[in-house]
Amino acid sequence: MKIAVIGTGYVGLVTGACLSEIGNHVTCIDIDEEKIETLKQRVSPIYEEGLTELLNRNINQSRLKFTTDYREGLQDKDIVYIAVGTPQNDDGSADLTSVNAVCKSLASHLTRDVIIVTKSTVPVGTNEYIKKEIEDRLVNDVTIKIASNPEFLRQGSAVYDTFNGDRIVIGAEEETVLDALEEVNAGFNLPIVRTNLRSAEMIKYASNAFLATKISFINEMANLSEKIGANIDDVAEGMGMDGRIGGAFLNAGIGYGGSCFPKDTRAIISVAKDASYDMQILENVVDSNERQRGIIVDKVKERFDSLEGMKVAVLGLAFKPNTDDLREAPSISVTARLIEEGAEVHTYDPAAMDNAKNILSDQVNYAVDIREAVAHADIAIILTEWQEIKEFPLDEYKNLMNEAVIFDGRNCFTLKEAENSGVEYHSIGRPS
Ligand code: UGA
């Protein structure tokens with residue numbers, strides 16, 4: 001098949017590269033000239049494991065191309081994917097500015113019949129809207145068909161997830177469109193769910209909202225476990241062994257972040273509002289997650305009356321390990337509160353330091369490694385469970401800090417390890 005992918009963010013780029021890897025001819029289109037130039041040089045603007053190899057191989061074999069020119073990119077194409085960002089408006093709804101811009105460009109450049117596939121996460125009903133937006137503006141006499149093919153990729157393991165996902169969801173109103181997309185995706189060898197447009201759009205939101213709910217649920221159970229003397233590690237293990245519950249996404253911590261769960265939970269609440277439905281369960285999940293982000297500083301405040309002038313090491317700034325992304329990361333509100341309380345904050349993250357400097361600016365200090373951050377600190381707070389942080393020996397905290405008091409927001413160490421090392425260790429959902 002000949003395919004165009006519009007948008008070279010982590011979803012579009014990974015989708016384009018993976019579709020070319022299974023034999024399709026793909027051209028990725030983006031309005032960002034610098035990004036396209038970089039990609040033509042086979043350099044990925046984002047870090048995704050395995051992506052550079054895919055770029056090299058498929059560019060070499062002329063199956064993968066990049067352009068900023070819609071006319072060139074759409075030439076000969078049977079299928080066009082839309083994979084641009086849908087950030088959040090102030091009221092929680094999805095911002096469709098980029099989707100609208102793509103609709104306009106497609107309408108003026110399409111010269112042949114195509115299937116348009118939406119990969120971007122969009123509110124229910126948007127695919128019908130996209131079809132109308134393009135059809136109303138079409139310059140040439142062409143027929144467009146529309147499909148929804150939501151992604152379930154995790155940032156950092158997006159290539160792996162594309163080839164090893166649990167399912168591929170395709171939504172369309174015509175069987176012929178579903179057949180064509182099933183053929184495009186056949187090379188991934190994954191179970192395929194065929195459904196209509198609105199159900200496909202809903203599957204994406206419902207899946208992310210469910211995972212966010214699962215995390216908030218285990219966080220609430222952790223908070224209660226602490227109060228009644230249970231240990232959340234054992235509680236989660238015992239719960240997760242029930243196949244109906246499943247053990248994944250039961251790691252208690254300081255809440256979910258990133259560019260997806262916070263945005264998508266709020267977007268589905270906004271969709272529900274528009275449909276005059278009160279989505280109480282997700283309202284509570286959003287509130288619960290907000291509260292959870294503050295819990296680590298609450299613990300510090302319970303232990304120390306005042307943080308004025310104290311040196312606090314903050315370890316891990318990214319919203320999760322193996323990414324440099326700080327979007328909706330708990331570290332932003334945690335550091336802000338520590339500064340407000342008068343603490344002197346020293347931060348370290350294995351990958352997110354450059355992004356952190358843009359967001360946290362000169363309000364905090366930036367250390368070159370864990371050792372420098374915790375040296376002579378009064379308190380160490382762990383916010384992201386990076387392997388490097390998990391492997392940093394607890395004994396070292398004892399050697400380097402004034403008095404080793406650790407608040408671990410991601411339960412990186414077992415209670416036994418903490419006890420053996422003799423540090424003062426506070427974590428989430430476990431007896432102190
Ligand atoms: C998430 C979904 O996992 C993907 O399936 C989806 O495609 C993607 O959003 C999206 O909509 O594009 P991602 O945001 O990359 O992927 O990250 P996750 O690995 O799912 O983690 C999200 C957040 O939940 C992180 O802040 C993580 O620390 C937190 N989390 C995750 C927990 O607090 N506990 C857990 O047990 C699992």
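How far, in nm, would the chain grow between GLU175 and ASN402 when pulled straight, counting 0.36 nm per residue and subtracting the alpha carbon separation?
Full extension from GLU175 to ASN402 adds 74.9 nm.
Only helices enter the 222 nm calculation for the chain: every DSSP H run of n ≥ 4 contributes -39,500 (n - 2.57), and dividing by all residues gives -14000 deg cm²/dmol, rounded to 500. Take every pair of alpha-carbon atoms less than 8 Å apart whose residues are at least six positions apart; their mean separation over the length of the range 246-382 yields a relative contact order of 26 percent. Computed from the C-beta positions of ARG371 and ALA230, the FRET efficiency with R₀ = 56 Å rounds to 0.95. Using a/c under 1.5 as the rounded threshold, could you call the range 2-195 rounded, prolate or oblate? The axes a ≥ b ≥ c are square roots of the C-alpha gyration tensor eigenvalues, and prolate needs a/b larger than b/c, oblate otherwise. Verdict is rounded for the range 2-195.
With neighbour counts taken as other beta-carbon atoms within 10 Å, the residues ASP354, ASP408, ASP32 rank, fewest first, as ASP354, ASP32, ASP408. The relative contact order of the range 2-195, computed from alpha carbon pairs under 8 Å that lie at least 6 residues apart in sequence, is 21 percent.
Compute the Cα gyration tensor for the range 182-265, then decide on rounded, prolate or oblate, letting a ≥ b ≥ c be the square roots of its eigenvalues: rounded whenever a/c is under 1.5, prolate when a/b is larger than b/c in the other cases, and oblate in all that remain.
In terms of gyration-tensor shape, prolate.
Between ASP287, ASP378, ASP95, the Gaussian network model of the chain with springs among Cα atoms under 10 angstrom shows the greatest mean-square fluctuation at ASP287. Can you compute the label reach from ASP298? Point 7 Å from Cα along the Cβ direction, backbone N cut-off under 18 Å, restricted to the range 310-349. Flagged as within label range: 330-338, 341. Our note on the geometry: Cα centres of the range 62-79 and the range 85-162, 17 Å apart. For the pair THR38 and GLN387 in one chain, pulling the backbone fully straight at 0.36 nm per residue adds 122.6 nm over the alpha carbon distance.
Just in the range 119-176: which trypsin sites (Lys or Arg not before Pro) are loop by DSSP and have at most 12 other Cβ atoms within 10 Å? Spell out each step's value before the answer.
On the way: sites: LYS119, LYS131, LYS132, ARG137, LYS145, ARG154, ARG167; in loops: LYS119, ARG154, ARG167.
Sites meeting the loop and neighbour criteria: ARG167.
Let me know the shape class of the chain, please: from the alpha-carbon gyration tensor, a ≥ b ≥ c as square roots of the eigenvalues, rounded when a/c is under 1.5, otherwise prolate if a/b is greater than b/c, or oblate.
Verdict is prolate for the chain.
Computed over the chain, relative contact order equals 11 percent, with contacts defined as Cα pairs under 8 Å that lie 6+ residues apart.
Subtracting the Cα-Cα distance of MET353 and GLU340 from 0.36 nm times their residue separation leaves 2.5 nm of extension gain.
Coordinate-derived values only; no laboratory data. All values reported here derive from a predicted model rather than from experimental measurement. Every residue, glycine as well, gets a Cβ built from its backbone with ideal geometry; the counts of neighbours run over all protein chains shown.
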